[in-house]
Amino acid sequence: MKRLLLKIVFSFLVANNISFAQKLVVQESNMGITKEMFSDINIRDAKATIEVWGKIVHESNAKIDDAKTSIFNSVDDLAASINNNEIDVVFLNSIQFLKNENKLNIQPYFGTTTNKKKFFDIYLLSNNSKGNTSFLNLKGKKIIIQAGRYKMINEMWFELLCLENGIKEKENFFKKIEYVESPSKTILAVFFEKADACIATSFSFDVMNELNPQISTKLKVVTKRENLINDLFCLRNNMSEEIRNTITNYGL
């Protein structure tokens, strides 16, 4: 059952279509963001940038009374604010949405882009000198997982890999499993042979390779999961079409 659930989740994340249209009714535009979206960036700077965006939306449409930003420590708190009509726009990751879809009165409208790309891949990377050609080759070895904003999706894929390869007790299979906030430290640990493998996003790998082209010659992609979305902007289900269009025009 767990394996089936993980496969269903990843099938959804291979986003063929996350555009939804609704006919809705509200007078303000307040944004709610889960704290996990700020794991690897400065919360104060991010909130200030989002509030500037909110001000532009507010000033462009007289029907929007106000535009504020709130950061939520739990999805339950976020859901309560949505159900009380206190939050209209929600920024959260795709795993949070899928796990809590029934309690969140919202629908995804669009995802963010990174390096002008809408989708990304997750890589299992290993150093060429280690001779690892499959996930099972990592028995008794150290693996690092990129955490931060992408921890939930990276960890879910790691769990799926374990299940697909018949690994029931991952703590006994691997010598060490480590989570690292910094994408560069995650990848460089494998580059400098301080770890045997890592799980990292494709754009983290691309950025590191631009800085040091030796990355792509010394590291190899053992396996990957393609065309994923991590960040979702969602709109509350009872928002007017006019206000929704104003918000999405400034968000896209």
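Only one entry of ASN137, ASN132, ASN127 meets the criterion of being surrounded by fewer than 16 Cβ atoms within 10 Å (Cβ to Cβ), in the same structural domain as SER202 (by TED's automatic domain parsing) and over 18 Å from the mean Cα position of the chain (by Cα), and that entry is ASN137. When ILE144, ILE106, ILE122 are checked against the criterion of being crowded, with 20+ Cβ neighbours inside 10 Å and at pLDDT below 95, ILE106 stands alone in meeting it. All conditions in (1) assigned to a strand (DSSP E or B); (2) at pLDDT below 75 hold for ILE247, with the sole exception of (1).
Here is a yes/no grid of residues against (1) in a helix (DSSP H, G or I); (2) surrounded by fewer than 20 Cβ atoms within 10 Å (Cβ to Cβ):
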{"site": "TRP157", "(1), (2)": "yes, no"}
{"site": "LEU160", "(1), (2)": "yes, yes"}
{"site": "GLU171", "(1), (2)": "yes, yes"}
{"site": "LEU188", "(1), (2)": "yes, yes"}
{"site": "ALA195", "(1), (2)": "no, no"}
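Residues in the stretch 97-135 that are small (Gly, Ala, Ser) and touching a residue at least 60 places away in the same chain (Cβ under 8 Å): GLY111, SER126, SER129, SER134.
Residue check: LEU78 meets all listed conditions (1) at pLDDT 95 or above; (2) in contact with a strand residue (DSSP E or B) (Cβ under 6 Å, 6 or more places away or on another chain) but one, namely (1).
Against the numbered list (1) at pLDDT below 95; (2) crowded, with 19+ Cβ neighbours inside 10 Å, LEU252 comes up short only at (2).
Within the stretch 82-97, how many residues are part of a helix (DSSP H, G or I) and surrounded by fewer than 16 Cβ atoms within 10 Å (Cβ to Cβ)?
1
The values are calculated or read from the model by the stated rules, or taken from the named source; none is laboratory data. Just so you know, these numbers come straight off a predicted model, no measurement behind them. Glycine also receives a Cβ, built like all others from the backbone with ideal geometry; neighbour counts cover every protein chain displayed.
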